[in-house]
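J.: Here it is: the structure, laid out below.
The values are calculated or read from the model by the stated rules, or taken from the named source; none is laboratory data. Keep in mind that what you see is a predicted model, and the values were worked out from it rather than measured. When we count neighbours, we look across all protein chains shown, and the Cβ atoms used for this are built from the backbone with ideal geometry, even at glycine. For accessibility, only protein heavy atoms count, side chains too; no ligands or nucleic acids. Shrake-Rupley method; radii C 1.70, N 1.55, O 1.52, S 1.80 Å.
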Amino acid sequence: MKGVVFNLLEAVIQREYDDDTWEALLEQANVGGAYTSLGSYPDEEMMKLVAAASSLLKTPPDDIVRWFGRNALPLLAQKHPHFFDAHKSTRTFLLTLNDVIHMEVRKLYPGADVPVFNYDTSSPEVLLMEYRSHRKLCALAEGFIEATAAHYGEELALEQPECMKRGDDKCVLRISVKKLKV
Amino acid sequence: MASVSDVTDIELARLKRRLDREQKARAESEAIAERALRELYKKQKEIELLQIIAVAANEALTTDGAMQTALRQVCAHTGWPVGFFHLKNSSGELLPPTLWHLDKPDRFETFRRVSEALRFEPGIGLPGRVLASRKPAWIADVTKDPNFPRAKAAADIGVRAGFGFPVSIGTEVVAVMEFFSEVPVEPDESLLEVMADVGKQLGRVIERKRAEESRDEAMEASRTKSSFLANMSHELRTPLNAIIGLTELLCENAPRFGTEKALEPLRRVLRAGRHLLGLINDILDLSKIEAGKMDLTLETVTIQPVIEEVFGTVRPLAEQNKNELALDSPEGIGSVYADNMRLRQVLLNLLSNACKFTKDGTVRLGVTRVEEAGQHWVDFAVSDTGIGMTEEQLGRLFQEFAQADASTTRQFGGTGLGLAISRRLCRLMGGDVTVTSEPGKGSTFTMRLPAQAAALTSPIEIIAAASAAETGPAASQGSHGTVLVIDDDATARELIAAHLVANGFAVETAANGVDGLKKARELKPVAITLDILMPDIDGWTVLPALKGDPELTDIPVVIVTIVDEQRRGIALGAAGYLTKPIDRERLVEILSRHRSADGPSEVLVVEDDEEHRQLVRAILGAQGWVVREAANGRLALDALAAKLPDILLLDLMMPEMDGFELVAALQANPAWRDIPAVVVTALDLTAEDHRRLNGGVERVLSKNSFAPAELMARVGKLLLEVKGQAKR
Amino acid sequence: MSSGASVHKLLYIEDNEDNLYMLTLWFDALGGYEIVSAPDGATGIAMAAAEPPDLILMDLNLPEIDGWEATRRLKADPATRDIPIIALSAHAMAGDREKAIAAGCDDFETKPVEFDRLLAKIEHALDAKGPGP
């Protein structure tokens, strides 16, 4: 996993909690903590950090991950506004994940193992996103999507009719958004 | 309870840990950055290498040049001091290095000689295994490699690592390059990939060379064929000339020579000779058509005069078999788009066939305009009331040498080639010949030719097409290019310019020859109109100057003149052409057009073949001409300087100064340019020859009676034709 | 030149009028030879059988029955078997001479005919045959 993800986690923890919490996490997870954004580190270290956060903050690991996604996305939007400004809706933004966003990721981080999403756009109201990855980070995806909907000022209904963690062979995210009435 | 100092200690410890982490992270970033930069540099160098080799490959005049540059560049790029180039020969063997690069020649010369002395079978040694596998190969330490015949020499001299790659065209390996370093080096995959690319680039160089060579060979073969045909034509006709000419003479003059008894055998000789000439002409025609060397000059031909001439020629033949000749051609039948000479040839062939195979009957030529499938045609239908043909005979009709059957040749004469040639010619002109027949009742042969140049009906289109074909430096304004109008008469200039501009040309004008030449060189226009007969200005100086300048010679020059009479205009070039063997009657006829009104007419015969000179002297002398002779162009000029004849009869192919040069000299001299010159040649004139003879004058148009549209149409047509001819 | 007393009769089987004319003129000028002719193989065979000549000149390129066939038939017929035949051919290809000899010709000459050479061959063939009947 690329260092940038660890950096994001550190930033979120420091913002929502404090430096001490981050230190405590590092100690609890027994990891080095010297993460440079372009570097590559074992996936286990992230898993250990999530477990440590779960124990420290007394929250289930999936919720930690979802919470992380929800809070990391605004930081990403701040750092790379042009990806977001090109769209006015979560739906169209999500459709660019493979071709635009993850393409940029690969340029910066050659060899980054980003997941490929498959879409079902047959319904204009509901977008189905298929996600397969051995890391099973669908909760992270959920968090990201929730924050994206908030970013575009939309009301989100999000379900996972299928999930790898429940034994299915893939995760399917069922997304429908509606503009919030101002 | 924690004290303040405790808290501070904890904080300090935390900060220190944090600092540690930051420093480690930064060190790692730098390492990543360095790696990335090094990678970038490497890639850049590889791109440069490929670029340099690509440029060398494109610009190299020889393949060796390109390969040598590649050797040098790869050695420079890798830092490896030794590079060899092994070409593969036509038997598939790798030759010893024919090219090499040695950074330290003294040190590595021995290694080179060792390499030179070896033969690398496929699979053996470094070059051998590259040849066999068609892929690059790397040897980290050649002294330790079991398949390296030069291992001992390498160890002695200090050669350690080696890599080789194929130079290939597609999957064919045409050469192998190998490089050696002084130290062992582990394989560098990415370098090998780059080398594979280099190999492909170099392969393209060789491929291009091969293509050029085969194209050159083909062109050479074509040229040889052309000159063979031209020479054969000359060689075959020259002796026949003597045979036919002298025999004719003997027959005509039997009483004078007292050889009446010999008349019968002489007539047979003459007949056989003419038959042979017909055969030779037909075979040469067919050879030219087959070789794709038949030069046709397609133009708008007025039908009426052609028919009259052909009928005139065929009449005696018709009378021989007591046949009646009839013509069905409406008033104002107009013109057809064809090669003038070949049109006559085919008509003559069809009509004489009809006369031959009909007795006491009627041979009719019907000319009609037809529209079919949106195209306009002219049909020439030759029908006879002769013996007709069966289905089977019709099937064999257009084959060479297979006349309806062999007995027909015996009975009716002919070469058996006429129809085959006629059909080929018609097709080359964009038309065809078809036949219907009923045994015992008669046959109808129909030649169909395009009524006008295909797809270009309006003058505007013709001009546009002509200028589109121009690839030379075209002028900036005017979509079709710039035409330079040279004329001293302001009204004429305005008039011509106005019409050209209206048709999309830009126009520049010049009021005199000097200015005209200057502007021509500056503008390099698409075409030039030149008023030849300008009073104060010598148009004849301008024309040769234009044609003599290699930069301007291909620009078509359209002569616009106030002279009305077409024939006089043609006299500005050549007054006519004859081919050898000379048709006596035609010679007499052409010359008699130029007899002077008073006193004996004088002809200057310029001809290097003495026999021929004597023959002509005999023929023309009998007609009352005063005959002067000159054996070559130079002597002819002397003779002209002494006294002007009424007409010139000249052979094109002469030593020292050939006929073309003589005609040019005639036209360049105001005192001589009005003397009509009749050209005699045993050569077939190509379109290029015609042009040269005309002194570069494409056509002569009359200002007095021209209609603007017609002028435009002609100008456009000429541009198109001349462009097409110039390109060939 | 002419061998002396008798006039030799030559049968020339040839369809080309000019060739016939020419050869006739030559022999007329020479003297000692009488030329009769036939325009095709069948006529030639018939004439040879009816009034055997001293020698036959056979054009190989004849209509209907070609010269080869005519030669074979003449050589097969006892009445005409002994008449020497000299073949005349416009083809100049290798093997033509051998082909002619194989068909039964006694000699072979290419066209255009060189008269002196042909004459020598005729005289040789007539001498070989021996004094005629």
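J.: Could you list, in sequence order, the residues of region B:322-347 that are closer than 22 Å to B:Gln452 by Cα, at pLDDT 90 or above and either in contact with a Gly (Cβ under 6 Å, 6 or more places away or on another chain) or aliphatic (A, V, I, L, M) (or both)?
T.: Scanning region B:322-347 gives B:Asp328, B:Val336, B:Ala338, B:Leu343, B:Val346, B:Leu347.
J.: Does B:Gln73 satisfy the criteria of being closer than 30 Å to B:Arg160 by Cβ, in a helix (DSSP H, G or I), in contact with a helix residue (DSSP H, G or I) (Cβ under 7 Å, 6 or more places away or on another chain) and at pLDDT 90 or above?
T.: yes
J.: Another question about this same structure. Look through B:Phe120, B:Phe148 and report the one residue that is more than 19 Å from B:Arg72 (Cα to Cα), at pLDDT below 90, open to solvent by less than 20 Å² (accessible area, probe 1.4 Å) and out of contact with any Phe, Trp or Tyr (no Cβ under 8 Å at 6 or more places or on another chain).
T.: From the options B:Phe120, B:Phe148, the qualifying one is B:Phe120.
J.: Mind checking which residues of region B:237-258 are under 19 Å from C:Leu25 (Cβ atoms) and open to solvent by less than 40 Å² (accessible area, probe 1.4 Å)?
T.: Selection gives B:Thr247, B:Cys251, B:Ala254.
J.: Which residue out of C:Ala102, C:Ala87, C:Ala70, C:Ala125 is small (Gly, Ala, Ser) and without any contact (Cβ under 8 Å) to a residue 12 or more places away in the chain?
T.: Among C:Ala102, C:Ala87, C:Ala70, C:Ala125, only C:Ala102 is small (Gly, Ala, Ser) and without any contact (Cβ under 8 Å) to a residue 12 or more places away in the chain.
J.: Moving to a separate point now. Residues that are of a type in the set (A, V, I, L, M) and open to solvent by 20 Å² or more (accessible area, probe 1.4 Å): list the helices (runs of 4 or more DSSP H) wholly contained in region A:72-171 that include at least 2 such residues.
T.: Here the list reads A:102-108, A:138-151.
J.: Select from region A:21-35 the residues that are under 12 Å from A:Val5 (Cβ atoms) and part of a helix (DSSP H, G or I) and list them in ascending order.
T.: Within region A:21-35, none qualify.
J.: Would you mind stating whether B:Glu59 is of a type in the set (D, E, K, R), over 30 Å from B:Lys209 (Cα atoms), modelled with pLDDT under 90 and open to solvent by 30 Å² or more (accessible area, probe 1.4 Å)?
T.: Spelling it out, it is not the case that B:Glu59 is of a type in the set (D, E, K, R), over 30 Å from B:Lys209 (Cα atoms), modelled with pLDDT under 90 and open to solvent by 30 Å² or more (accessible area, probe 1.4 Å).
J.: State which residue pairs qualify: first residue more than 7 Å from every other protein chain (Cβ to nearest Cβ) and charged (D, E, K, R) and inside region B:12-35, second residue part of a helix (DSSP H, G or I) and open to solvent by 60 Å² or more (accessible area, probe 1.4 Å) in any location, beta carbons under 9 Å apart, and separation of 6 or more residues or different chains.
T.: Close Cβ pairs satisfying both conditions: B:Arg18/A:Asp19.
J.: Now a separate question. Hey, could you check region C:76-98 for residues that are surrounded by fewer than 17 Cβ atoms within 10 Å (Cβ to Cβ) and touching a helix residue (DSSP H, G or I) at 6+ places or on another chain (Cβ under 8 Å) and say which is farthest from C:Lys9 (Cα to Cα)?
T.: C:Asp77
J.: Let me ask something else about it. Count, please, the residues in region B:293-313 that happen to be in contact (Cβ under 8 Å) with a residue 60 or more places away in the chain and not polar (S, T, N, Q).
T.: Selection size over region B:293-313: 8.
Rundown of residues vs (1) among the hydrophobic types (A, V, I, L, M, F, W, C); (2) within 30 Å of B:Gly334 (Cβ to Cβ); (3) within 14 Å of chain C (Cβ to nearest Cβ), yes/no style:
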residue	(1), (2), (3)
B:Leu263	yes, no, yes
B:Arg267	no, no, yes
B:Leu276	yes, no, yes
B:Leu284	yes, no, no
B:Asp295	no, yes, no
B:Thr300	no, yes, no
B:Pro305	no, yes, no
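J.: Which residues, taken from region B:59-69, are out of contact with any His (no Cβ under 9 Å at 6 or more places or on another chain), assigned to a helix (DSSP H, G or I) and more than 24 Å from B:Ile124 (Cβ to Cβ)?
T.: Answer for region B:59-69, where residues must be out of contact with any His (no Cβ under 9 Å at 6 or more places or on another chain), assigned to a helix (DSSP H, G or I) and more than 24 Å from B:Ile124 (Cβ to Cβ): B:Glu59, B:Thr63, B:Asp64, B:Gly65, B:Ala66, B:Thr69.
J.: Follow-up. Quick one: is C:Ile35 of a type in the set (A, V, I, L, M), under 20 Å from B:Arg268 (Cβ atoms) and at pLDDT 85 or above?
T.: Yes.
J.: Right, next: Any residue in region B:425-441 that's touching a residue at least 60 places away in the same chain (Cβ under 8 Å): show its pairings with residues that are exposed (fewer than 13 other Cβ atoms within 10 Å of the Cβ) at Cβ separation under 7 Å, as long as the two are six or more apart or on different chains.
T.: Listed pairs, sorted by first residue: B:Gly430/B:Ala454.
J.: Which of the residues that make up region C:4-29 are surrounded by 14 or more Cβ atoms within 10 Å (Cβ to Cβ), more than 14 Å from every other protein chain (Cβ to nearest Cβ) and hydroxyl-bearing (Ser, Thr, Tyr)?
T.: Once the filter is applied, which keeps residues that are surrounded by 14 or more Cβ atoms within 10 Å (Cβ to Cβ), more than 14 Å from every other protein chain (Cβ to nearest Cβ) and hydroxyl-bearing (Ser, Thr, Tyr), region C:4-29 yields only C:Tyr12.
J.: Against the condition under 16 Å from A:Gly69 (Cα atoms), at pLDDT 90 or above and among the charged types (D, E, K, R), how does A:Glu162 come out, does it pass?
T.: no
J.: Assess whether A:Leu38 counts as being out of contact with any Asp or Glu (no Cβ under 7 Å at 6 or more places or on another chain), within 14 Å of chain B (Cβ to nearest Cβ) and open to solvent by less than 40 Å² (accessible area, probe 1.4 Å).
T.: So A:Leu38 does not fit the description; no.
J.: Filtering region A:1-20 down to residues that are within 13 Å of another protein chain (Cβ to nearest Cβ) and part of a helix (DSSP H, G or I), which residue is surrounded by the most Cβ atoms within 10 Å (Cβ to Cβ)?
T.: A:Phe6
J.: Assess whether A:Leu26 counts as being over 19 Å from the mean Cα position of the chain (by Cα) and within 14 Å of another protein chain (Cβ to nearest Cβ).
T.: Considered against the rule, which asks whether it is over 19 Å from the mean Cα position of the chain (by Cα) and within 14 Å of another protein chain (Cβ to nearest Cβ), A:Leu26 comes out as yes.
J.: Only residues that are on the phi < 0 side of the Ramachandran plot and more than 15 Å from the chain's Cα centre (by Cα): list them for region A:50-77, please.
T.: If the condition is that a residue be on the phi < 0 side of the Ramachandran plot and more than 15 Å from the chain's Cα centre (by Cα), then A:Ala51, A:Ala52, A:Ala53, A:Ser54, A:Ser55, A:Leu56, A:Leu57, A:Thr59, A:Pro60 are the ones that fit.
J.: Sticking with this structure for a sec: Quickly run through region A:36-61 and pick out the residues that are part of a helix (DSSP H, G or I) and touching a Lys or Arg at 6+ places or on another chain (Cβ under 8 Å).
T.: Matches in region A:36-61: A:Asp43 only.
J.: Scan region B:353-393 residue by residue and report those that are open to solvent by 60 Å² or more (accessible area, probe 1.4 Å) and of a type in the set (A, V, I, L, M, F, W, C).
T.: Residues satisfying the conditions are B:Ala373, B:Ile387.
J.: Taking into account only those residues within region B:645-660 that are at pLDDT 70 or above and of a type in the set (D, E, K, R), which is surrounded by the fewest Cβ atoms within 10 Å (Cβ to Cβ)?
T.: B:Asp646
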